[in-house]
Amino acid sequence: MNHHYFSDEDYIILEGEPSPETLKRITDFICWTLELRPGHRVLDAGCGTGIIASALAERDYVVTAIDSSDFMVNRCRAFASKTANLTCLKQDYHTMSYHNQFEAVVSWNHSLGYTTRADDRNALEQMYKALVPGGKLLLDLHNLSAYLKYFIGRHWEERETAFALRDAEYDFSERKFICRGIVAPKGSEPTREQTLTFLEYEPDEIASVLQDIGFADVTFFGDDCPQDCGRMFCPEGYSEESTAMVIRAVKK
């Protein structure tokens with residue numbers, strides 16, 4: 001069910017894409033918090049359309065972007081054809097087999113949570129193996145407390161070619177969101193519907209998983225930052241009101 005959600009242009013309509021300004025701020029944050037230097041090797045695990053991977057490659061990092069969706073890989077390869085230092089591969093991060101190859105691994109836009117918690121742990125173990133000693137993981141997840149306040153229910157957004165409706169509910173027993181996505185084209189095309197489910201993590205749970213795998217220095221960042229912060233995410237910005245729960249962890 002979830003695989004289909006990531007397989008065509010409806011994903012772009014439902015999820016949207018960051019503005020150039022937002023993309024720059026996200027990229028600035030990734031580079032700052034991972035302490036990236038030109039030539040560093042970065043793995044984008046679950047790269048989606050490749051927009052983050054491309055932005056990183058344009059800053060002279062050597063980026064390998066992987067995704068299991070043909071649609072996403074094709075979108076990413078369009079960036080790679082115009083961007084030096086970017087390689088895009090069709091690959092599932094649950095079964096990848098990199099060892100001590102990257103200074104940083106980035107998993108952005110809640111790439112975990114679409115199968116099982118056991119699968120998520122396995123993916124994080126593979127990311128750990130992919131890092132060189134001292135390498136850093138940056139994991140972008142939803143902040144459940146804020147999502148329970150603001151994400152549940154129906155939300156319409158107007159796109160260039162269609163209206164997008166997201167109708168979300170939370171299953172407390174399974175600890176997962178069930179989100180119905182409806183695309184209503186502005187022309188004569190019929191309305192299309194897809195359903196996505198994704199697991200959510202409390203901060204203590206995900207920190208415990210990372211530490212059990214072997215990560216150290218687990219730090220949380222959020223977007224509820226003080227006005228004078230100047231960054232999109234910061235440790236002080238992680239609160240119940242932060243929609244993001246960005247986690248940095250270091251391979252021992």
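Values in this text are rule-based calculations from the coordinates and carry no lab data. The model shown is predicted, which means the values in this text are computed figures rather than measured ones. Note that each Cβ is placed from the backbone with ideal geometry, even for glycine, and that neighbours are counted across all protein chains shown.
A few comments on the model shown:
- At 1.567 mPa s and 4 °C, Stokes diffusion of the range 1-71 via Kirkwood alpha-carbon radius, µm² per second: 98
- Ellipticity at 222 nm from helices only: DSSP H runs of n ≥ 4 in the chain, each -39500 (n - 2.57), divided by the residue count, give -8500 deg cm²/dmol.
- Euclidean distance between Cα centres, the range 60-123 to the range 204-252, Å: 21
- Added length on full extension, which subtracts the Cα-Cα distance from 0.36 nm per residue, THR115 to LYS90: 7.2 nm
- Each other residue within a Cβ distance under 9 Å of GLY214 adds +1 if Lys or Arg and -1 if Asp or Glu, for a net charge of 0.
- Gain on full stretching of the segment that runs from THR219 to ASP204 - 0.36 nm per residue minus C-alpha separation: 4.3 nm
- Kirkwood-based Rg to Rh ratio, the chain, C-alpha trace: 0.95
- Relative contact order [Cα under 8 Å, 6+ residues apart], the range 146-198, whole percent: 27
- Whole-percent P(r), the range 146-198, all Cα pairs, 10 Å bins from 0: 25, 47, 22, 6, 0.
- Neighbour counts of C-beta atoms inside 10 Å place LEU148, LEU124, LEU141 in the sequence LEU148, LEU141, LEU124, starting with the fewest.
- Cβ crowding within 10 Å ranks CYS234, CYS76, CYS47 as CYS234, CYS76, CYS47, fewest other Cβ atoms first.
- Choice from MET127, MET72, MET96 with maximal GNM fluctuation in the chain (Cα, 10 Å cutoff): MET96
- Square roots of 5 times each gyration tensor eigenvalue, C-alpha, the range 167-252, largest first, Å: 33, 20, 12
- Using the Cβ-Cβ distance between ALA78 and GLU158 with R0 set to 22 Å, the FRET efficiency works out to roughly 0.30.
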